[in-house]
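Structure first, commentary second.
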Number of protein chains: 4
Amino acid sequence: MIEAGVFGATGYTGVELIRLLGRHEGVRLSLATSRSNAGRNLAEVFPGAPETDLVAPDQAPLEDLDVVFLCLPHGKSAEVAVAALQAGVRVIDLSADFRLADPDLYQQWYGLQHPAPELLDEAVYGLTETARERLPGARLVANPGCYPTSALLALYPLMLESAVSGQIIVDAKYGVSGAGRAPKLTTQFVEIAEDLRPYSIGRAHRHLPEMESTLAGWSDWQPRLLFSPHLVPIPRGLLSTLYVPLPTGWAEAQIHELFLETYADEAFITVLPAGEVASMRQVNHSNRCSIGLTVADGTLIVTSAIDNLQKGAAGQALQNMNVVFGLNETDGLL
Amino acid sequence: MIEAGVFGATGYTGVELIRLLGRHEGVRLSLATSRSNAGRNLAEVFPGAPETDLVAPDQAPLEDLDVVFLCLPHGKSAEVAVAALQAGVRVIDLSADFRLADPDLYQQWYGLQHPAPELLDEAVYGLTETARERLPGARLVANPGCYPTSALLALYPLMLESAVSGQIIVDAKYGVSGAGRAPKLTTQFVEIAEDLRPYSIGRAHRHLPEMESTLAGWSDWQPRLLFSPHLVPIPRGLLSTLYVPLPTGWAEAQIHELFLETYADEAFITVLPAGEVASMRQVNHSNRCSIGLTVADGTLIVTSAIDNLQKGAAGQALQNMNVVFGLNETDGLL
Amino acid sequence: MIEAGVFGATGYTGVELIRLLGRHEGVRLSLATSRSNAGRNLAEVFPGAPETDLVAPDQAPLEDLDVVFLCLPHGKSAEVAVAALQAGVRVIDLSADFRLADPDLYQQWYGLQHPAPELLDEAVYGLTETARERLPGARLVANPGCYPTSALLALYPLMLESAVSGQIIVDAKYGVSGAGRAPKLTTQFVEIAEDLRPYSIGRAHRHLPEMESTLAGWSDWQPRLLFSPHLVPIPRGLLSTLYVPLPTGWAEAQIHELFLETYADEAFITVLPAGEVASMRQVNHSNRCSIGLTVADGTLIVTSAIDNLQKGAAGQALQNMNVVFGLNETDGLL
Amino acid sequence: MIEAGVFGATGYTGVELIRLLGRHEGVRLSLATSRSNAGRNLAEVFPGAPETDLVAPDQAPLEDLDVVFLCLPHGKSAEVAVAALQAGVRVIDLSADFRLADPDLYQQWYGLQHPAPELLDEAVYGLTETARERLPGARLVANPGCYPTSALLALYPLMLESAVSGQIIVDAKYGVSGAGRAPKLTTQFVEIAEDLRPYSIGRAHRHLPEMESTLAGWSDWQPRLLFSPHLVPIPRGLLSTLYVPLPTGWAEAQIHELFLETYADEAFITVLPAGEVASMRQVNHSNRCSIGLTVADGTLIVTSAIDNLQKGAAGQALQNMNVVFGLNETDGLL
């Protein structure tokens, strides 16, 4: 039985993770922390959540744990990761702290000096389907962002075959839970309910360097992206529509075949039949990624849907834990 | 041309009022105040709102105005009302400050000593359809709350004929704009989007004494209510379902006739055909109140729908202004 | 391993049931039927549903099954139930066909002669928490309607103690999946999205006799209800607000104690702390019923929330199956 | 006073148009037709709509009208247009029948032979801001589709200056009223409420040739588009995100200046300040188009928002009528 802790248990990601852990027969939730709600029960703080005692993070006993999941803001996460690793506890970090291998890039985009640059080499970027060699036994996993997960799974087969010939556009639409649980005017119900709003479009969003540097690691060229996220009045879900210029000679059937082969053994990836498109409802409340492929005028349009709280966060974190500990990859996730 | 001012222009009610004033050919908006956004333009602060300069409330010139609408928190509103009346400006107050004639009741429910008890006698409770005698020329109008508007219009004909024989139940469902624009966890999109939540049920909500004291003024007995508001994931709208025990001898046809007669000349009240029920969509974005009547087992079930921002707030305020100044009652409201 | 079949697999209830069965380790789904989609795969017909082959109902082999779940229209359901029982298969019927013990009442409300009146005596009304004596080994279970489930669980402790003194009002609010999947104008997105609409209020809804006759069976008097359902723009969820006149002498604390005792050992019923109210989000996507209790002016207000597709349909059906077959009652439901 | 008729009054567009006409002081609605609801009142058929008698289309007297608005399916519309023009009535057609100048292109995309090819030359494509020369006095106006309106207004200034250097991508998101009012499974509330779904992406949607042929008319080259509409769970609204490759030498400031100049005198077009993006809420329930401009890596990203029922349909139709009849262009639209 794996003893697990969750830091930052009262956000949307933390609660989703605790729900999933409750269905995993090989893990016991031994610790859940909350800074502002220590001493209370999770179900009091979050309607419908499991009854779980909340502990202050600085009083959290690490020594009896096998793994901690960090659902904390960037900066904070790295600090707890250092302490956990010193105590011999494996770390799956859902923040951005270990996603960028280059500490200068981190400082540029996140506005602070990296708190633990010595760990960056060891951290495994946990886009599970692309990281099977390094994940087993890993001490520190950087769980990918939700946007990068949906976009990178849509691009991975293409990068392996160099089937991209220019600027890639990622037009993403995502549910409001992706913006976190802290009260803000921009995520109040009335502000959102009749709106659809782009934000940080072009080359302005923090997930851009995460995507570009991961893509660069799969190939010998450096792709450039435009990335346009749009906030949609849905509680959860993420759909990315990607526009990828194809090199001469690639037809829809070949592309389709390439994706089917690359993901043939993947439990959580559905490559849709030719002519179908991905939609949020295909993957809601599941750890799956649904991928549709359409070619027109030499451009491949990929539609890629995930549940932002599962495959985009807590579900993939659990999937990574399964691989790290040598369990069945789908345990707790079906 | 009536010169009007709006205090508290950046809330949902203030913006709705400014929109409506823009369509009223007999009124000019000369002043709009905002404490936190003074110096900015309303359209910057509120997407889609009219372009209107915002002035700090304490620098607002009152002297050139004919009327001010106060969309302010209770307590604050009475202070501005005093100043406006002193400057010879008529006041339509959308807060609760002048709705309860009894200052002790005010203190009990609103937790502060009434700031201007000397004005309570003069204030006219502006449920327009029931206040036509006192409104023309009034200096101070207390615009009713949204719940009281929907419930009192559903009960007014019955009270006039003493067609109520016991405890009245008001089960109300309302859209999220009724909870105001200040960011709160409970009105964040994700918290609301899949929820339906009762709150302050029984005899706990501040609109209860407003309803009971108004009802008492229409009759020689003192009715008692139970009142159960429910927050629904809709931006706007208010539906009250009332359960009214009838005295022996009242049948559905008579009740229907009574409502038709009472509201025969009302431009904004629709008494539905027998067997039909009121619903939010019948009145959205309008100043109308839609009323359905069903009798079963000696109980009258009234369904009463309004748009909380129009007939429940800004629309009725404008309707009251029209009556106060002797204009056509529907000006700016169709 | 229990071999199960689902008739009517492509509606909202059928799909929910198939999802739940997929998590139940003691059951195998051996059959799923669909009249209009026979030969196809459930995931094609219903985005996100499990991949399950669909068989035409009249070609469905019953002989190898241990249990069938009937998610069929009333009338149709009874026909399949007869055939299944003859083949020695236990039946859990999610239609209304076996909920009313009196075939005349059935004919009056459902407009057709009962197809199998000889089975009515044997059928067990499967409101699980109230039917533990008759469920184990039962051949035919009538799974309750969603409204009756939420209302009856709110009234059961009171009826046992005769703590009701007059007309009961049930004001219910429910999500759109409760209206079925067949396309209708009234459930089109735009018609619903900004609306809240009562329907069949008073004594007009088919679930009224189901509630009244069940209540009558728990006591020696015949309570009368008013029942007002309201359609709310939410995909799923059901909240009933009940107004129950208390006999003299019952205070809130006693009522609270009564509920706590009655449901002390129930895994799926949460009696909320005094002063709290039930809301949909507390129970979404779970088989739980959340109950809040408030007393005011001699009336008990019960708020009772369930997920209409789980405790209100598929979840309770599975809970009943667990009890019928002597399994752990929570298997597949946590 | 202009006498107007509306054919197809009970769809979302027809009702919106009738609402707008009710606020226009220079027009009287003399006729509203409905095939399936003739003899009834519009308010009965459509909750909240104005009380308007509905006439069967084949019994509709044309002779007394000055103008008819056709909110009919393609094919049907052209037939009524012919009859109206013969009766000396001006026509504003909201269907696709007169949007494509080439009858072969019409047959290819709409699957039927054009019913009145002899009128195609005379028809004025009514994207008002771009058609001021031909609209005054026009007998037949082809009102643009909602997608083309949002995309073409975003591209018009660029085409005039040849500031486009390659394939244009239009990624559009639109509210469900755009899919019409006829009941379909795909637009049922539950199917939509938690979904976001692309459809007819690439070069498959009927609005593609409308956009491409209009663009070709503004320039001496033939641009190619990719067009990806996405259905979003919102009743109304349309946001297009366009990716336009710029020729060498164009910077964001110049592009911004170009848009400001082109639309300097337009009442209904808002060119947002640099760095801001368009969103649905800026234009909901208005006839405005809001345009945001961002340049990154040599690509211009235009965000363009309209209300699909106003500027995307009924509002623009009224705007066109104002120009045709020489009225103030904003009459009835503010």
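The values are calculated or read from the model by the stated rules, or taken from the named source; none is laboratory data. As the structure is a computational prediction, the values presented were derived from the model and not from experiment. No Cβ is skipped: glycine too gets one built from the backbone with ideal geometry, and neighbour counts run over all protein chains shown. Side chains included, ligands, DNA and RNA excluded: accessible areas come from the protein's heavy atoms. Shrake-Rupley method; radii C 1.70, N 1.55, O 1.52, S 1.80 Å.
Some notes on this structure:
- Contact map, the range B:238-252: residues that are touching a residue at least 12 places away in the same chain (Cβ under 8 Å) paired with residues that are surrounded by 19 or more Cβ atoms within 10 Å (Cβ to Cβ) and acidic (D, E), Cβ distance under 7 Å, separation 6+ or inter-chain. Pairs shown: B:T241/B:D171; B:T241/C:D171.
- For A:Q254, the criteria (1) on the phi > 0 side of the Ramachandran plot; (2) open to solvent by 10 Å² or more (accessible area, probe 1.4 Å) hold in every case but one, which is (1).
- Every condition in (1) more than 10 Å from chain C (Cβ to nearest Cβ); (2) open to solvent by less than 10 Å² (accessible area, probe 1.4 Å); (3) not aliphatic (A, V, I, L, M) is met by B:T248 except one, and the failing one is (2).
- The listed residue being within 18 Å of C:M321 (Cβ to Cβ), at pLDDT 95 or above, in contact with a helix residue (DSSP H, G or I) (Cβ under 8 Å, 6 or more places away or on another chain) and of a type outside the set (D, E, K, R), out of C:V91, C:V82: C:V91
- Enumeration of residues in the range D:197-223 that are among the polar types (S, T, N, Q), closer than 29 Å to D:E133 by Cα and modelled with pLDDT of 95 or more: D:S213, D:T214
- Applying the criterion of being assigned to a loop (DSSP other than H, G, I, E, B), open to solvent by 10 Å² or more (accessible area, probe 1.4 Å) and not small (G, A, S) to the residues of the range C:99-113, the residue that is nearest to C:G8 (Cα to Cα) is C:R99.
- Tabulated pairs, the range A:216-230, first farther than 16 Å from D:I169 by Cβ, second part of a loop (DSSP other than H, G, I, E, B) and open to solvent by 30 Å² or more (accessible area, probe 1.4 Å), C-beta under 6 angstrom, 6+ apart or interchain: A:A216/A:Q222
- Here D:A38 does not fit the description of being part of a helix (DSSP H, G or I), of a type in the set (G, A, S) and more than 21 Å from the chain's Cα centre (by Cα).
- Scanning the range D:41-69 for residues that are without any contact (Cβ under 8 Å) to a residue 60 or more places away in the chain, in a loop (DSSP other than H, G, I, E, B), more than 13 Å from chain B (Cβ to nearest Cβ) and not acidic (D, E) returns D:T52, D:L54, D:A56, D:A60, D:P61, D:L62.
- Checking each residue in the range C:1-35 for being out of contact with any helix residue (DSSP H, G or I) (no Cβ under 9 Å at 6 or more places or on another chain) and polar (S, T, N, Q) picks out only C:S30.
- Residue tally, condition surrounded by fewer than 24 Cβ atoms within 10 Å (Cβ to Cβ), assigned to a strand (DSSP E or B) and in contact with a Lys or Arg (Cβ under 7 Å, 6 or more places away or on another chain), over the range D:288-302: 1
- Helices (runs of 4 or more DSSP H) within the range D:114-223 that include 1 or more residues at the interface with another protein chain (Cβ under 9 Å from one of its Cβ atoms) and open to solvent by 10 Å² or more (accessible area, probe 1.4 Å): D:189-193
- Some residue of the range D:257-264 being in contact with a Lys or Arg (Cβ under 8 Å, 6 or more places away or on another chain), in a loop (DSSP other than H, G, I, E, B) and not polar (S, T, N, Q): no
- Filtering the range B:227-245 to residues that are in contact with a helix residue (DSSP H, G or I) (Cβ under 9 Å, 6 or more places away or on another chain) and either open to solvent by 10 Å² or more (accessible area, probe 1.4 Å) or farther than 17 Å from B:L155 by Cβ (or both) leaves B:L231, B:V232, B:P233, B:I234, B:P235, B:R236, B:G237.
- Total residues in the range A:179-214, condition among the basic types (K, R) and either over 26 Å from D:L238 (Cβ atoms) or in contact with a Cys (Cβ under 9 Å, 6 or more places away or on another chain) (or both): 2
- Pairs with Cβ under 8 Å, 6+ apart, first in the range D:288-308 and under 25 Å from B:G48 (Cβ atoms) and facing chain A (nearest Cβ under 7 Å), second aliphatic (A, V, I, L, M) and open to solvent by 10 Å² or more (accessible area, probe 1.4 Å): D:T294/A:I201; D:T294/D:V277; D:I301/A:I201; D:I301/D:V295; D:T303/A:I201; D:T303/D:V277
- The residue list A:V80, A:V91 contains one member that is within 26 Å of A:R19 (Cβ to Cβ), in contact with a Phe, Trp or Tyr (Cβ under 6 Å, 6 or more places away or on another chain), of a type outside the set (S, T, Y) and not in a loop (DSSP other than H, G, I, E, B), which is A:V80.
- Restricted to the range D:276-287, and to residues there that are within 12 Å of chain A (Cβ to nearest Cβ) and within 17 Å of the chain's Cα centre (by Cα), the residue that is most open to solvent (accessible area, probe 1.4 Å) is D:H285.
- Test result for D:A154, without any contact (Cβ under 8 Å) to a residue 60 or more places away in the chain and under 20 Å from D:G315 (Cα atoms): no
- Scanning the range C:313-332 for residues that are open to solvent by less than 10 Å² (accessible area, probe 1.4 Å), over 13 Å from the mean Cα position of the chain (by Cα) and touching a residue at least 24 places away in the same chain (Cβ under 8 Å) yields a single hit, C:M321.
- Scanning the range C:41-61 for residues that are at pLDDT 95 or above and crowded, with 17+ Cβ neighbours inside 10 Å returns C:L54, C:V55.
- Test for A:V80: is it open to solvent by less than 40 Å² (accessible area, probe 1.4 Å), within 14 Å of chain C (Cβ to nearest Cβ) and aliphatic (A, V, I, L, M): no
- Residues satisfying the stated conditions in the range C:1-35, i.e. within 14 Å of chain A (Cβ to nearest Cβ), open to solvent by 40 Å² or more (accessible area, probe 1.4 Å) and not in a helix (DSSP H, G or I): C:R23, C:E25, C:L29
- Residue match in the range C:254-275 (condition: facing chain B (nearest Cβ under 10 Å) and over 30 Å from D:F46 (Cβ atoms)): yes
- Among the residues examined, B:P73 qualifies as within 24 Å of B:S213 (Cα to Cα) and assigned to a loop (DSSP other than H, G, I, E, B).
- Scope the range B:270-287; condition of a type in the set (A, V, I, L, M, F, W, C) and either farther than 21 Å from B:D171 by Cβ or in a helix (DSSP H, G or I) (or both); matching residues: B:A274, B:M280
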